Amino acid sequence: MQSRRASAKGFQRTSSLLVSRIRRASESRGFAQSRLLTDWAEIAGQDIAACARPVEVSYGRGGMGATLTLLTTGAHAPVLEMQKERLRTKVNGVYGYNAIARIKITQTAPTGFSEGQVAFEHRKAPAAPAPANPAVRAKAVQDTQAVADDDLRAALARLGENIFNKTNR
């Protein structure tokens with residue numbers, strides 16, 4: 001059996017091509033450890049990751065400790081405020097030293113300004129529509145028989161069917 005050459009005939013793994021770009025993008029926001037962004041749910045915990053995202057790490061003029069800015073919605077801010085010290089300890093564990101001295105919480109709507117346009121939680125899949133009830137469909141078609149225009153009659157029949165189904169739930 002022939003062993004695989006390291007060069008792979010000029011091909012590289014995608015991850016090796018993106019490492020430097022990801023590092024550059026995260027460092028432009030002050031994230032010396034891009035793991036803080038990529039593994040946020042593991043570092044902060046699922047409960048905090050569901051309601052907050054790291055936005056920026058800023059360093060003061062004196063260079064004594066950095067400030068981690070978290071983006072959250074207004075309702076979650078008081079809860080995060082009480083957990084700041086525990087979260088700071090977890091984040092500093094990623095750095096390996098006391099890199100983060102303060103945590104600043106920024107509040108916005110989940111679809112607010114530029115940083116808040118991404119929803120924090122995964123959206124649930126839309127529920128599958130209930131199977132059509134032939135009796136309800138027949139009643140909706142019967143109630144719209146007086147309408148002369150075919151397209152309007154079909155649209156009103158669909159609307160009536162939806163209304164009947166919703167009230168029967």
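Read the figures in this text as sums done on the coordinates, not as results from a lab. From a predicted model like this one, the values you see are computed outputs, not experimental measurements. Please note: Cβ atoms are built from the backbone with ideal geometry, for glycine as well, and neighbour counts cover all protein chains shown.
Could you list which residues have their amide H under 5 Å from that of ASN133, counting only those 5 or more apart in sequence or on another chain, with H placed in the peptide plane?
Under 5 Å from the amide H of ASN133 lies no amide H from a residue far enough along the sequence or on another chain.
Could you check the simple spin-label distance between ASP151 and ALA132, using points 7 Å along Cα→Cβ, in nm with one decimal?
Distance between label points: 2.0 nm.
Kindly state, to the nearest 0.05, the FRET efficiency for ASP47 paired with ASN92, given R0 = 25 Å and r defined as their beta-carbon distance.
Computed FRET efficiency for ASP47 and ASN92: 0.85.
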